[in-house]
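**Q** The following block contains the structure, expressed as structure tokens.
Read the figures in this text as sums done on the coordinates, not as results from a lab. For clarity, every value in this text was computed on a predicted model and none was experimentally measured. All Cβ positions, even for glycine, are placed from backbone atoms using ideal geometry, and neighbour counts span all protein chains on display.
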Amino acid sequence: MKKLFAVAAVLLTFFCLSGLAYADQRSDDVQRVENSAQVLGEIMSAPDKGIPEDILGSAKCVAVVPSMLKGAFIVGINRGKGIASCRTANGWSAPAFFVVEGGSFGFQIGGQAIDLVMLVMNDKGMQNLLSSKFKLGADASVAAGPVGRQAEGMTDWKMRAEVLTYSRARGVFAGVSLNGASIRQHKDDTRAFYGRMVPFRTLLLGNLNPPPKDAAPWLAALRKYAPIAPASAANEPASPKRAKKHAAEQQPAAEKQPAAEQEAEKSE
């Protein structure tokens, strides 16, 4: 009997600790969502030094890794966890949790945390992301993205790279190459945030609706800085400027009429 009580006590303790660990992990995931939204907002608040508007407006998917750990003694090791969303017919998809890992060789003394942004620029790159596991530079071509006014007059980035990458460290924002880094779905984070396992593809194609309320900060940042293009202009970059133009075009006809014409109508 004592053994039975002892086993029951051990099992109860195990389940209690598991529940606490699960709650802690979900709390970390929620914080990661909020941090990713903050990183995107801070970068885009400095247009002359951030991601060019047309490039972000053309991205098929956006991914952010807040505070990615980079560097060690002599051999640098990069690893971080982040979230990604893709454009769909109904807006930006619910966030998909992933881990990015990659090695770099060089003399780096001490570790350094950086914020990482990745933009998937075309359908081929998006298909690689949907596979839930791929390697930059091998499965998908990758290049350091242009910053601020560097992109003016540049068109080769549209044809050259499937993925554009950026990093921010100690307030300095710049394009960075992540050649050789691998990206895969983080299943534990996915289960913790959604309460069950949801495939990468299901999330990124927008097949989970509605997204959890904890995803709101991230989705709001995407809608603000990379609005979805109207269906009639799906082939054009969905920049904030064009979104404003579309909104103006949707004004009631009376608002567009010259004041003289409106007065004439009133007198009839």
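**Q** How large is ³J(HN,Hα), in whole Hz, for each residue of the range 38-44 in order, when computed from phi with the Karplus curve 6.51 cos²θ - 1.76 cosθ + 1.60 and θ = phi - 60°, using x for Gly and Pro?
**A** Result, ordered by residue: 5, 4, 4, x, 5, 5, 7 Hz.
**Q** What full-extension length gain, to one decimal in nm, is calculated for SER67 and LYS124 as 0.36 nm per residue of separation minus the Cα-Cα distance? Display every interim value, and only then the final one.
**A** Details: separation 57, 0.36 × 57 = 20.52 nm, distance 2.76 nm.
Between SER67 and LYS124, full extension yields 17.8 nm more.
**Q** Give me the number: length gained by fully extending SER131 to ALA174, i.e. 0.36 nm times residue separation minus the C-alpha to C-alpha distance, one decimal in nm.
**A** The SER131-ALA174 span can extend by a further 12.7 nm.
**Q** Under 5 Å between amide H atoms, partner at least 5 residues away or on a different chain: which partners does HIS186 have, H built in plane at 1.01 Å?
**A** The list, which skips near neighbours in sequence, is PHE97, PHE98, VAL99.
**Q** Still on this model: Full extension from MET197 to ALA216: what is 0.36 nm times the residue separation minus their Cα-Cα distance, to one decimal in nm?
**A** Contour length minus the Cα-Cα distance gives 4.8 nm.
**Q** Follow-up question, since we're still on this one. Could you work out how far apart the two model spin labels at ASP28 and ALA138 are, taking each label as a point 7 Å from the Cα in the direction of the beta carbon, and quote it in nm?
**A** About 2.6 nm separates the two model spin labels.
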